[in-house]
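Chemist: A single structure is presented below for examination.
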Protein chains: 2
Amino acid sequence: MRGAVAPAAVFYDHVMSPRREPVSRRDRPAKPPLSRAALVGAALRIMRDEGLERVTMRRLAAELDTGPAALYVYVRNAAELHGALLDALLADLPLPGPGTPSRWRDDLVELLCAYTSLLIGHPSLARSVLLLRPYGPNFLRLFDTLLGLLRAGGVRPRPAAWGVDLLLQHATATAAEQGTRSADAATEAAEEQALATAIAEADAAAYPQIAHARDELLSGPGEERLRWSLTAMIDGIAGSRA
Amino acid sequence: MRGAVAPAAVFYDHVMSPRREPVSRRDRPAKPPLSRAALVGAALRIMRDEGLERVTMRRLAAELDTGPAALYVYVRNAAELHGALLDALLADLPLPGPGTPSRWRDDLVELLCAYTSLLIGHPSLARSVLLLRPYGPNFLRLFDTLLGLLRAGGVRPRPAAWGVDLLLQHATATAAEQGTRSADAATEAAEEQALATAIAEADAAAYPQIAHARDELLSGPGEERLRWSLTAMIDGIAGSRA
DNA sequence: ACCTGAACACCGTTCAAGT
DNA sequence: ACCTGAACACCGTTCAAGT
């Protein structure tokens with residue numbers, strides 16, 4: 001299953017990359033040649049080590065020993081680079097094998113959970129992806145697989161297409177919420193607390209429903225909540241008369 | 001119903017505002033005194049005229065005839081200002097009256113559509129709110145109302161609480177997708193096209209499910225799709241055994 | 001308690017000029 | 001065709017010093 005994805009990634013790389021032979025001049029410290037793959041690779045390293053917020057065009061250029069302007073040969077803008085990072089990450093997402101059709105529901109939840117955990121490791125990327133329309137080959141493969149699972153569940157094309165969008169949006173948003181929103185952990189905690197405090201102290205007369213559900217409102221996300229959300233959505237999608 | 005919200009907004013303003021009497025010195029051009037309300041008001045004007053991307057701390061300070069540092073007396077940071085802008089906007093959201101309990105489903109969809117249209121007028125704010133945990137009084141009132149509608153539908157506190165989060169998240173994301181992501185309309189169109197092209201040209205052998213559902217994948221969002229999504233989610237939430 | 005001036009530490013993107 | 005140098009046009013936030 002994994003094997004099928006790699007060639008697509010290679011193809012994708014060629015889409016934007018200008019052809020360039022790796023000239024081997026052995027009398028130089030051999031600054032490696034620029035390429036879309038080299039860009040994405042370096043960006044991936046910086047993201048893993050320091051988070052996406054440090055992956056700026058300037059920083060990336062410095063890492064590759066060139067000027068920021070040179071990067072625009074390989075990516076249209078910073079957002080496109082983020083899309084490429086997502087796709088690189090998705091190469092590691094294990095897709096379900098053929099499987100029995102009756103397991104479509106569980107397969108769907110598992111795959112979406114796996115996608116979410118992958119992104120939870122990079123919350124700032126998830127936040128960026130939330131504002132993007134990814135279209136890389138690995139993303140398309142994920143999309144295709146999700147569509148197939150809904151189809152296996154007897155869902156017609158329209159609700160399946162709209163449903164996959166819905167499910168991926170929620171999975172991405174869940175990852176985006178996790179982890180440090182701000183660079184500063186203290187600021188982060190304060191922001192998280194603001195809502196908690198507002199809920200905890202909400203006047204029962206002014207906000208009766210909040211008062212009634214107070215305990216559940218503060219029950220954190222976690223995997224249980226994600227699974228619940230995905231299941232509820234899948235039920236709604238599968239039951240759709242559209 | 002509207003009347004109940006205004007006092008809360010006033011209260012909210014006082015939470016962070018230092019007390020300050022409006023000194024009336026008539027021998028000066030009368031630079032109006034700073035206050036949280038003045039900040040939010042000016043930010044609202046800039047947002048309406050030029051979009052949220054122009055509402056920077058520096059620009060806002062210039063508008064108020066002061067330095068950027070002065071703003072930090074009234075807001076913790078730029079994100080908190082965005083939260084305040086959302087809450088100011090939500091003051092105009094018409095909430096449903098008591099109504100008959102049997103209408104809870106339609107009321108829910110209507111209210112969420114109204115919330116979405118409000119935000120569609122300010123897509124960049126929606127994008128910012130997506131990364132926020134709003135907690136202003138008008139947002140809490142909306143949350144409270146949504147909780148009440150689910151409760152009227154017989155949904156227990158836990159799925160209701162989790163469900164409202166889900167519904168609001170999708171409504172916000174829908175608004176965030178609308179309109180210009182980039183300042184430049186041409187860049188925007190190109191980005192939108194990238195996914196469309198990828199789907200339209202996706203190899204049927206590599207992506208069979210995408211090929212099968214191709215027409216539906218490109219069917220734009222629009223209100224029909226939003227209503228479908230909301231309905232599907234509500235069905236799933238209401239049917240939850242959690 | 002608040003405001004000012006000024007700095008710190010950065011951004012994405014473009015463009016003429018070179019090779 | 002690509003890379004370089006340099007600029008354009010900005011950011012959020014902090015902090016010492018004033019009032």
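Chemist: Of all the residues that make up the range A:42-58, how many are within 19 Å of residue A:79 (Cβ to Cβ) and either open to solvent by 70 Å² or more (accessible area, probe 1.4 Å) or more than 8 Å from DNA strand C (Cβ to nearest atom) (or both)?
Modeler: Going through the range A:42-58 one residue at a time, the tally reaches 10.
Chemist: Could you grab the pairs with beta carbons closer than 8 Å, sequence gap of 6+ or different chains, first residue in the range A:38-58 and polar (S, T, N, Q), second one within 12 Å of DNA strand C (Cβ to nearest atom)?
Modeler: A:56/A:78
Chemist: Considering only the range A:150-157, I want to know if a residue exists there that is touching a residue at least 12 places away in the same chain (Cβ under 8 Å), under 30 Å from residue A:32 (Cβ atoms) and buried (at least 20 other Cβ atoms within 10 Å of the Cβ).
Modeler: Within the range A:150-157, not a single residue is touching a residue at least 12 places away in the same chain (Cβ under 8 Å), under 30 Å from residue A:32 (Cβ atoms) and buried (at least 20 other Cβ atoms within 10 Å of the Cβ).
Chemist: When you scan the range B:90-106, do you find a residue that is under 18 Å from the mean Cα position of the chain (by Cα), charged (D, E, K, R) and surrounded by 22 or more Cβ atoms within 10 Å (Cβ to Cβ), even just one?
Modeler: no
Chemist: Across the range A:226-242, which residue is nearest to residue A:169 (Cα to Cα) among those that are facing chain B (nearest Cβ under 7 Å) and open to solvent by 30 Å² or more (accessible area, probe 1.4 Å)?
Modeler: A:235
Chemist: Hey, any hits in the range B:112-126 for a residue that's away from DNA strand D (no atom under 16 Å from the Cβ), within 11 Å of chain A (Cβ to nearest Cβ) and under 28 Å from residue A:229 (Cβ atoms)?
Modeler: Taking every residue of the range B:112-126 in turn, at least one turns out to be away from DNA strand D (no atom under 16 Å from the Cβ), within 11 Å of chain A (Cβ to nearest Cβ) and under 28 Å from residue A:229 (Cβ atoms).
Chemist: Checking the structure you have, find out if any residue of the range A:29-40 is surrounded by fewer than 14 Cβ atoms within 10 Å (Cβ to Cβ) and basic (Lys, Arg). Before the answer, list the steps.
Modeler: Looking only at the range A:29-40, we keep the residues that are surrounded by fewer than 14 Cβ atoms within 10 Å (Cβ to Cβ), and these are A:29-33.
If we keep only those that are basic (Lys, Arg) too, we end up with A:31.
Yes, because at least one residue in the range A:29-40 is surrounded by fewer than 14 Cβ atoms within 10 Å (Cβ to Cβ) and basic (Lys, Arg).
Chemist: Any residue in the range A:61-86 that is over 27 Å from residue B:193 (Cβ atoms) sitting within a Cβ distance under 9 Å of a residue that is open to solvent by less than 10 Å² (accessible area, probe 1.4 Å)? List the pairs, counting only those 6 or more apart or interchain.
Modeler: Once the first residue is over 27 Å from residue B:193 (Cβ atoms) and sits in the range A:61-86, its partners that are open to solvent by less than 10 Å² (accessible area, probe 1.4 Å) give A:61/A:71; A:63/A:42; A:63/A:43; A:63/A:46; A:64/A:39; A:64/A:42; A:64/A:71; A:67/A:61.
Chemist: Quick one: in the range A:156-183, of everything that is more than 10 Å from every other protein chain (Cβ to nearest Cβ) and outside any helix (DSSP H, G or I), which residue is modelled with the highest pLDDT?
Modeler: Looking at residues that are more than 10 Å from every other protein chain (Cβ to nearest Cβ) and outside any helix (DSSP H, G or I), I get A:178.
Chemist: Okay, next question. Taking residue A:60 and the conditions (1) more than 14 Å from chain B (Cβ to nearest Cβ); (2) within 17 Å of the chain's Cα centre (by Cα); (3) more than 18 Å from residue A:141 (Cα to Cα), which numbered condition does it fall short on, given that it satisfies the others?
Modeler: (2)
The values are calculated or read from the model by the stated rules, or taken from the named source; none is laboratory data. The structure presented is a predicted model; accordingly, all values stated were derived computationally and were not measured. Cβ coordinates were reconstructed from backbone atoms using ideal geometry, including for glycine residues, and neighbour counts include every protein chain displayed. Just so you know, the surface numbers come from the protein's heavy atoms only, side chains and all, with ligands and any DNA or RNA stripped out. Shrake-Rupley method; radii C 1.70, N 1.55, O 1.52, S 1.80 Å.
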